[in-house]
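I have placed the structure first, in the form of structure tokens, so that the comments after it can refer back to it.
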Amino acid sequence: MNTLPSDLVFFDRGWLSSNSLLLLGKQTTLVDSGHFSHAPLLKELLNGALERAPLQSIINTHLHSDHCGGNAHFQSCFPALDIRIPSGQWREVLDWSHMERTNEGIGQSCPAFKATSQINPNTEIRINDRVWQVHAAPGHDMEAILLFAPLEKILISGDAFWENGFGVVFPELSQEEGFKHVRDTLSLIGDLDPNLVVPGHGRMFTQVKDSLNLAYQKLDYFESNPVSHAKYASNVFVKFKLMQEQRMSFSTLKAWAVTCPVLIQTREHFFPHVSFHEWLNQIIHDLTLKKSIAVHGQLLLNL
Ligand SMILES: [Zn+2]
């Protein structure tokens, strides 16, 4: 299958929010709820597709704020909503202070929600008339999962696999093993041999072999040069902040950055020879060259 069947509806709202996939049927289910700031917009989009039926469950591929940020909003709209999260993060979510610390650590925020059930890797779940295999997808996030519909060969890959690569490999930033897990996850995806991939960000794609090759090339490069991965990650964190705020003065951005644990840690470990200020200027310069942000006097604008 090269296109989505009519009971699966894809929502792409840019890069601040993850993509979402709505599974229509008796058990209406949303995979990933995007960034909290886009939740009312996503609710409007869902209203059109749900035709007054309530949303019954949300499944999160992993618990980064751009994937589960809308959970709280949907839980308030649909009080009986079942929020199903990867089992590896169950304990963390039960005591929200853990989640708060994790989000603060990467300079992001996510409204608190109540998870109601767990999804275990190496199992199958039936949603409406379709069986989905649940696979562990460590690397970008160690507890992330993939969902794969074997009959139609549709893969929901979260941030483990995109058309042009994969998400920041978080464990590597704290000197834990991450690249090896990314390699294993890419190998698993190769074995599943999907026909259609619904990624966490960017458009859906069918040229899976080309994208796998590209992902392996990036992984090889990052593995041989971890500083390049740290640079990429730092640019992503600053860009994400600007996507969220849309515009910030340089001084406000700097005030945030100097207290952002992941940026502090990344600079100290990978770029100890430059001052924080110089390093941040370099990130802004890189993002400006890529036309990812613009600098107007003292003001930084998201593009
Ligand atoms: Zn994401």
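The values are calculated or read from the model by the stated rules, or taken from the named source; none is laboratory data. Since this is a predicted model, take the numbers as computed values, not measurements. Note that each Cβ is placed from the backbone with ideal geometry, even for glycine, and that neighbours are counted across all protein chains shown.
For the reader, a short list of remarks on this structure follows.
- Scanning region 110-132 for residues that are under 16 Å from Thr29 (Cβ atoms), in contact (Cβ under 8 Å) with a residue 60 or more places away in the chain, assigned to a loop (DSSP other than H, G, I, E, B) and not acidic (Asp, Glu) gives a single hit, Asn128.
- Among residues of region 133-154 that are in contact (Cβ under 8 Å) with a residue 12 or more places away in the chain, those with a Cβ under 8 angstrom from a residue that is crowded, with 24+ Cβ neighbours inside 10 Å and of a type in the set (Asp, Glu), sequence gap 6+ or separate chain, pair up as His140/Asp159; Asp141/Asp159; Ala144/Asp159.
- Selected residue (only one of Asp12, Asp66 is among the acidic types (Asp, Glu), buried (at least 19 other Cβ atoms within 10 Å of the Cβ) and assigned by TED's automatic domain parsing to the domain that holds Leu173): Asp66
- Number of residues in region 255-290 that are of a type in the set (Lys, Arg) and modelled with pLDDT of 95 or more equals 1.
- Selection of region 62-80 for residues being of a type in the set (Gly, Ala, Ser), in contact with a Cys (Cβ under 9 Å, 6 or more places away or on another chain) and within 15 Å of the ligand (Cβ to nearest atom) yields Ser65, Gly69.
- The listed residue being among the small types (Gly, Ala, Ser), closer than 18 Å to Gln118 by Cα and surrounded by fewer than 21 Cβ atoms within 10 Å (Cβ to Cβ), out of Ser57, Ser76, Ser33, Ser37: Ser57
- Thr29, sole failed condition from (1) of a type in the set (S, T, N, Q); (2) within 16 Å of the ligand (Cβ to nearest atom); (3) more than 23 Å from Gly105 (Cβ to Cβ): (2)
- Just one of the listed residues (Ile59, Ile83) is within 16 Å of the ligand (Cβ to nearest atom) and either within 30 Å of Pro138 (Cβ to Cβ) or without any contact (Cβ under 8 Å) to a residue 40 or more places away in the chain (or both), namely Ile59.
- Applying the set (1) surrounded by 14 or more Cβ atoms within 10 Å (Cβ to Cβ); (2) free of Cβ contacts under 8 Å to residues at least 24 places away in the same chain to Arg101 leaves exactly one unmet item: (1).
- The listed residue being in contact with a helix residue (DSSP H, G or I) (Cβ under 6 Å, 6 or more places away or on another chain), of a type in the set (A, V, I, L, M, F, W, C) and farther than 17 Å from Val198 by Cβ, out of Leu41, Leu16, Leu50, Leu94: Leu16
- Options Glu143, Glu152, Glu163, Glu177; residue that is out of contact with any His (no Cβ under 8 Å at 6 or more places or on another chain), within 16 Å of the ligand (Cβ to nearest atom) and among the charged types (D, E, K, R): Glu163
- Taking the listed residues Leu147, Leu155, the one that is touching a Leu at 6+ places or on another chain (Cβ under 7 Å), on the phi < 0 side of the Ramachandran plot, part of a strand (DSSP E or B) and not small (Gly, Ala, Ser) is Leu155, with no other qualifying.
- Subset of region 26-42 (residues that are polar (S, T, N, Q) and in a helix (DSSP H, G or I)): Ser37
- Once region 190-207 is narrowed to residues that are within 15 Å of the ligand (Cβ to nearest atom) and assigned to a loop (DSSP other than H, G, I, E, B), the residue that is nearest to Ser157 (Cα to Cα) is Gly200.
- Remark: Gln244 matches the filter, which requires a residue to be within 22 Å of the chain's Cα centre (by Cα) and under 30 Å from Val9 (Cα atoms).
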